[in-house]
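Visitor: Have a look at the structure that comes next, please.
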Amino acid sequence: MATLKNANSESKGTFDKIQKVLSTHGANKIMYDYKRDGSGKLEAITFAIQINNQDVGFRLPAMADNVYKIMYGGEDRYGREKEVTTAKVEQAYRTAWANIRDWIDAQMALIDTEQVKVEQVFLPYMIMKDGHTLYEQIERKGFELGDGKTHG
């Protein structure tokens, strides 16, 4: 297996860096979404950037549970589920958020150099009227755009 980016992240200042990068690149609202399990852990960051004189909201999920599965999930060599430890859960959480931090930073570098627009890189994460992201809406429709008819 390839080495995972930020697999050993200490994540000191991760949330401060995310907030600073977003706010210095036009975000006028930033909100952290917490898991509803009472753990106090963040599961997503939601922010708004003004595009064409209108606030547009975006939601970036960290998906730390998926990161955990990749880093530690599965079975051991005897076919038993690997033990879940607090240290492993915490490391997967730090890794997930460090990856979000780095991704946002990289996207903003592309925006700064006018290689892309904000809308281009964050479009899948745009929050729609029903509260879901554009990606979630398209996924529910089986990735069919428009009326679903083939145009040729």
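Visitor: Cβ-Cβ below 9 Å, separation at least six or inter-chain, first residue in segment 118-140 and free of Cβ contacts under 8 Å to residues at least 60 places away in the same chain and within 17 Å of Ile45 (Cα to Cα), second of a type in the set (Val, Ile, Thr) and assigned to a helix (DSSP H, G or I): which pairs?
Guide: Val121/Ile111; Pro124/Ile138
Visitor: With the requirement that a residue be closer than 21 Å to Asp65 by Cβ, part of a loop (DSSP other than H, G, I, E, B) and not charged (D, E, K, R), what does segment 4-43 give you?
Guide: Leu4, Asn6, Ala7, Asn8, Ser9, Ser11, Gly38, Ser39, Gly40
Visitor: Quick check on Asp65: is it surrounded by fewer than 16 Cβ atoms within 10 Å (Cβ to Cβ), assigned to a helix (DSSP H, G or I) and in contact with a helix residue (DSSP H, G or I) (Cβ under 9 Å, 6 or more places away or on another chain)? Steps first, please.
Guide: Numbers: surrounded by fewer than 16 Cβ atoms within 10 Å (Cβ to Cβ): yes; assigned to a helix (DSSP H, G or I): yes; in contact with a helix residue (DSSP H, G or I) (Cβ under 9 Å, 6 or more places away or on another chain): yes.
For Asp65, the condition - surrounded by fewer than 16 Cβ atoms within 10 Å (Cβ to Cβ), assigned to a helix (DSSP H, G or I) and in contact with a helix residue (DSSP H, G or I) (Cβ under 9 Å, 6 or more places away or on another chain) - is met.
Visitor: Which ones in segment 21-55 are within 13 Å of the chain's Cα centre (by Cα) and either of a type in the set (Ser, Thr, Tyr) or buried (at least 16 other Cβ atoms within 10 Å of the Cβ) (or both)?
Guide: If the condition is that a residue be within 13 Å of the chain's Cα centre (by Cα) and either of a type in the set (Ser, Thr, Tyr) or buried (at least 16 other Cβ atoms within 10 Å of the Cβ) (or both), then Tyr32, Leu42, Glu43, Ala44, Ile45, Thr46, Phe47 are the ones that fit.
Visitor: Would you check if Arg77 is surrounded by 14 or more Cβ atoms within 10 Å (Cβ to Cβ), farther than 24 Å from Glu136 by Cβ and of a type in the set (Lys, Arg)? Walk me through how you get there before you give the answer.
Guide: Numbers: surrounded by 14 or more Cβ atoms within 10 Å (Cβ to Cβ): no; farther than 24 Å from Glu136 by Cβ: yes; of a type in the set (Lys, Arg): yes.
No, not satisfied.
Visitor: Hey, another quick one. For Ile100, work out the one condition from (1) within 15 Å of Arg59 (Cα to Cα); (2) of a type in the set (Val, Ile, Thr); (3) assigned to a loop (DSSP other than H, G, I, E, B) it doesn't fulfil.
Guide: (3) is the only condition that Ile100 fails.
Visitor: Examine segment 83-97 for a residue that is loosely packed, with under 12 Cβ neighbours inside 10 Å, of a type outside the set (Lys, Arg) and not in a loop (DSSP other than H, G, I, E, B), and state whether such a residue exists.
Guide: Looking through segment 83-97, at least one residue is loosely packed, with under 12 Cβ neighbours inside 10 Å, of a type outside the set (Lys, Arg) and not in a loop (DSSP other than H, G, I, E, B).
Where a number appears in this text, it was derived from the coordinates with a stated rule and is not lab data. These figures come from a predicted structure and were not determined experimentally. For neighbour counting, all protein chains shown are included, and Cβ atoms are generated from backbone atoms with ideal geometry for every residue, glycine included.
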